[in-house]
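First the structure, then my questions, so here it is.
The values are calculated or read from the model by the stated rules, or taken from the named source; none is laboratory data. Note that the structure is a prediction, hence the values are computed from the model and not measured. Don't worry about glycine lacking a Cβ; one is built from the backbone with ideal geometry, like all the others, and counts go over all protein chains shown.
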Amino acid sequence: MIDIERNLQTIKASLPKDVTLVAVSKTKPVSEIMKAYAAGQRVFGENKIQEMVQKWETMPKDISWHMIGHVQTNKVKYMAHFVDLIHAVDSLKLLKEIDKQAKKHERTINCLLQIKIAQEESKFGLKEEDAIALLDSDEVKKLTNVHIQGLMGMATFTNNQNQIKAEFEKIKAFFDDNTTKYPELKTLSIGMSGDYRIAIDCASTMVRIGSSIFGARN
Ligand SMILES: *Cc1c(COP(=O)(O)O)cnc(C)c1O
């Protein structure tokens with residue numbers, strides 16, 4: 001039996017106090033997620049918009065919902081009324097759509113720019129210079145209803161701890177290089193079940209942990 005409450009306690013005890021734990025509940029039923037809620041967890045991450053909407057509809061409204069997966073522009077409208085933080089923003093087009101949909105609901109939607117740090121070809125994300133170009137662009141500065149509050153990265157899916165560490169150190173260095181010029185960058189979202197300890201060593205401020213809390217996904 002998976003003991004969700006105990007798993008949460010163990011993980012929380014190992015995280016520095018100022019690190020935000022996003023409990024990644026994708027594919028898990030509401031009944032399981034409610035066990036984490038009952039244990040005090042209020043931040044949950046999903047990677048499919050439709051699934052997140054369904055969970056938002058049935059679950060308590062004091063939950064902060066994070067979209068951690070790749071977002072298609074035409075689906076932003078389905079989550080714009082409630083999503084708290086979108087982790088994987090990687091284009092001007094997407095930022096503009098988030099801004100437009102946020103305006104309709106008179107809210108501001110928080111975003112992270114996803115930086116490509118993994119060596120794998122398939123991973124989404126911006127090159128560092130493209131992230132800078134976005135942050136500097138007049139079009140982005142004009143957006144009133146999005147708040148870019150940090151960066152997100154996913155390391156290569158590998159057992160090679162040194163490689164993961166090098167990738168996290170790279171995004172951490174990029175983050176540090178830019179927090180003076182862009183003081184709104186406060187969040188560094190790196191670390192999942194398999195690598196969050198390395199991420200914490202690299203000064204992660206937000207970890208996204210699923211299977212170590214809820215058990216393996218099918
Ligand atoms: C699924 C997922 C996670 C959590 O993965 P675990 O290995 O189960 O902790 C974190 N981040 C993203 C972007 C994910 O899609």
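Which residues, taken from region 83-105, are within 16 Å of the ligand (Cβ to nearest atom) and not in a loop (DSSP other than H, G, I, E, B)?
Matches in region 83-105: Leu85, Ile86, His87, Ala88, Val89, Leu94.
Scan region 179-216 for residues that are of a type in the set (Ser, Thr, Tyr) and closer than 15 Å to Thr10 by Cα and report the count.
Qualifying residue count, region 179-216: 4.
From the list Lys104, Lys116, which residue is in contact with a helix residue (DSSP H, G or I) (Cβ under 9 Å, 6 or more places away or on another chain), closer than 20 Å to Val207 by Cα and at pLDDT 95 or above?
After ruling out the rest, the residue left standing is Lys116.
Output the residues belonging to region 49-68 that are buried (at least 17 other Cβ atoms within 10 Å of the Cβ) and either within 16 Å of the ligand (Cβ to nearest atom) or assigned to a helix (DSSP H, G or I) (or both).
Ile49, Met52, Val53, Lys55, Trp56, Trp65, His66, Met67, Ile68
I need a count of the residues in region 1-20 that are of a type in the set (A, V, I, L, M) and crowded, with 16+ Cβ neighbours inside 10 Å.
5
Out of Ala36, Ala23, Ala80, I need the residue that is in a helix (DSSP H, G or I), in contact with a helix residue (DSSP H, G or I) (Cβ under 7 Å, 6 or more places away or on another chain) and crowded, with 17+ Cβ neighbours inside 10 Å. Which one?
Going through Ala36, Ala23, Ala80 in turn, just one is in a helix (DSSP H, G or I), in contact with a helix residue (DSSP H, G or I) (Cβ under 7 Å, 6 or more places away or on another chain) and crowded, with 17+ Cβ neighbours inside 10 Å: Ala36.
What residue, among those in region 183-218 that are surrounded by fewer than 18 Cβ atoms within 10 Å (Cβ to Cβ) and more than 14 Å from the ligand (Cβ to nearest atom), is nearest to Ser64 (Cα to Cα)?
In this case the residue turns out to be Lys186.
If we only count helices (runs of 4 or more DSSP H) wholly inside region 152-218, which ones have 3 or more residues that are touching a residue at least 24 places away in the same chain (Cβ under 8 Å) and within 15 Å of Thr20 (Cα to Cα)?
196-201
Check Thr156 against each of (1) closer than 30 Å to Ala13 by Cβ; (2) modelled with pLDDT of 95 or more and name the one condition it does not meet.
(2)
Within region 125-143, is even one residue under 18 Å from Ile200 (Cβ atoms), away from the ligand (no atom under 14 Å from the Cβ) and not β-branched (Val, Ile, Thr)?
no
Inspect region 97-111 for any residue being over 28 Å from Glu169 (Cβ atoms), in contact (Cβ under 8 Å) with a residue 40 or more places away in the chain, out of contact with any Phe, Trp or Tyr (no Cβ under 8 Å at 6 or more places or on another chain) and among the aliphatic types (A, V, I, L, M) and give the result as yes or no.
Checking region 97-111: at least one residue is over 28 Å from Glu169 (Cβ atoms), in contact (Cβ under 8 Å) with a residue 40 or more places away in the chain, out of contact with any Phe, Trp or Tyr (no Cβ under 8 Å at 6 or more places or on another chain) and among the aliphatic types (A, V, I, L, M).
In addition: For region 144-155, how many residues are under 23 Å from Val207 (Cα atoms) and surrounded by fewer than 19 Cβ atoms within 10 Å (Cβ to Cβ)?
Initially, region 144-155 is screened for residues under 23 Å from Val207 (Cα atoms), giving 146-155.
Now restrict to residues that are surrounded by fewer than 19 Cβ atoms within 10 Å (Cβ to Cβ): 147, 149.
Counting residues in region 144-155 that are under 23 Å from Val207 (Cα atoms) and surrounded by fewer than 19 Cβ atoms within 10 Å (Cβ to Cβ) gives 2.
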